[in-house]
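Below is one structure; the comments refer to it alone.
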């Protein structure tokens with residue numbers, strides 16, 4: 001296993017923090033020896049930036065996170081497998097093998113090449129890496145975006161709440177990931193060591209996207225959701241372009257998406273293998289409580305009711321800070337693993353991860369700006 005080389009604090013960029021903590025600098029703690037990435041830290045949060053071809057990004061990811069990746073793949077995956085065996089009587093790796101057999105042909109080859117390179121660099125098996133990156137298809141959060149009359153200044157404020165298995169302690173391996181793919185759009189993801197797809201993303205063009213899982217387990221003859229979201233992050237500049245990709249590719253299972261862009265376009269999307277239904281801002285749907293004007297939202301049950309009530313109560317005053325209050329419990333669940341609030345026009349994002357015993361919504365948020373991160377990375381690579 002290749003260990004990361006620690007350089008200490010060699011450079012810094014100031015990143016804001018929406019909490020009681022003072023602003024801190026992004027500290028570079030390790031560099032990829034091939035010059036294709038760096039690992040930093042801000043407010044105790046890991047920040048990984050990788051660039052280049054799929055193989056170059058995968059190797060940099062594996063090298064810089066070599067001490068973390070094996071703890072996720074296969075060790076944390078073993079906890080997931082044990083839970084599946086107890087709940088459903090299924091053997092985890094048999095199911096993963098089936099998902100890979102059926103979804104693999106629909107997965108862009110560049111993602112699989114990156115996954116193999118990451119595995120080799122981190123010292124784990126290819127099967128462990130594949131399992132970790134395909135397992136979200138086995139499990140089936142809340143999403144909301146406001147604009148114009150609903151927000152305080154007319155800008156889009158887009159929130160994503162991930163309610164997902166906090167008890168398996170993935171929060172120990174959180175990484176804010178920034179990808180600069182050769183030939184693609186640079187983007188960032190609230191992610192985890194070893195994960196190459198995404199469920200929470202924004203790109204440098206101001207396209208933001210989050211998902212909420214639904215039904216349809218077993219409908220795996222399509223591009224896995226996490227890689228489909230990455231495909232959108234790397235290829236789409238607008239909501240319309242994102243919708244075109246969603247409609248064009250074979251899809252798996254049942255998912256709901258909230259998508260927004262820097263031009264203040266927004267859409268809620270209900271997608272299955274056979275259909276894509278788009279909900280426009282303010283459009284009512286029988287599956288949801290009343291949706292305010294200039295708002296798209298997805299949630300379920302009592303969470304959806306609380307979200308609707310809070311959005312109505314704060315209508316016209318919603319800022320990122322207000323949105324952070326809106327998505328607290330009971331909108332977020334006890335399993336709340338991470339939250340993110342985007343402002344696509346400025347490329348700012350506020351994010352929080354779950355604590356050891358607390359949901360993400362009760363933890364401090366850290367603010368980052370994608371453009372500043374990319375400028376900083378470019379300055380560190382310059383001769």
From the options 280, 286, 345, residue that is surrounded by fewer than 16 Cβ atoms within 10 Å (Cβ to Cβ), in contact with a strand residue (DSSP E or B) (Cβ under 8 Å, 6 or more places away or on another chain) and over 23 Å from residue 174 (Cα atoms): 280
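Yes or no, residue by residue, for (1) assigned to a strand (DSSP E or B); (2) over 20 Å from residue 351 (Cα atoms); (3) within 17 Å of the chain's Cα centre (by Cα); (4) modelled with pLDDT of 95 or more:
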{"site": "160", "(1), (2), (3), (4)": "yes, no, yes, yes"}
{"site": "176", "(1), (2), (3), (4)": "yes, no, yes, yes"}
{"site": "201", "(1), (2), (3), (4)": "yes, no, yes, yes"}
{"site": "215", "(1), (2), (3), (4)": "no, yes, no, no"}
{"site": "241", "(1), (2), (3), (4)": "no, yes, no, yes"}
Hits in segment 243-258 (condition: part of a strand (DSSP E or B) and either over 14 Å from residue 223 (Cβ atoms) or out of contact with any strand residue (DSSP E or B) (no Cβ under 8 Å at 6 or more places or on another chain) (or both)): 256, 258
Some residue of segment 349-356 being surrounded by fewer than 20 Cβ atoms within 10 Å (Cβ to Cβ), over 16 Å from residue 151 (Cα atoms) and out of contact with any strand residue (DSSP E or B) (no Cβ under 9 Å at 6 or more places or on another chain): yes
Evaluation of residue 55 against (1) surrounded by 15 or more Cβ atoms within 10 Å (Cβ to Cβ); (2) in a helix (DSSP H, G or I); (3) modelled with pLDDT under 95 (one fails), failing number: (3)
Set 375, 345, 321: member being part of a loop (DSSP other than H, G, I, E, B) and over 18 Å from the mean Cα position of the chain (by Cα): 345
Residue in segment 135-146 that is modelled with the lowest pLDDT, counting only those that are in contact with a helix residue (DSSP H, G or I) (Cβ under 9 Å, 6 or more places away or on another chain) and surrounded by 24 or more Cβ atoms within 10 Å (Cβ to Cβ): 137
Filter result for the condition that a residue is crowded, with 17+ Cβ neighbours inside 10 Å, closer than 10 Å to residue 261 by Cα, within 16 Å of the chain's Cα centre (by Cα) and modelled with pLDDT of 95 or more, over 207, 228: 207
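The values are calculated or read from the model by the stated rules, or taken from the named source; none is laboratory data. Source: prediction; values computed, not measured. FYI the Cβ positions are ideal-geometry reconstructions off the backbone, even for glycines, and counts take in every protein chain you see.
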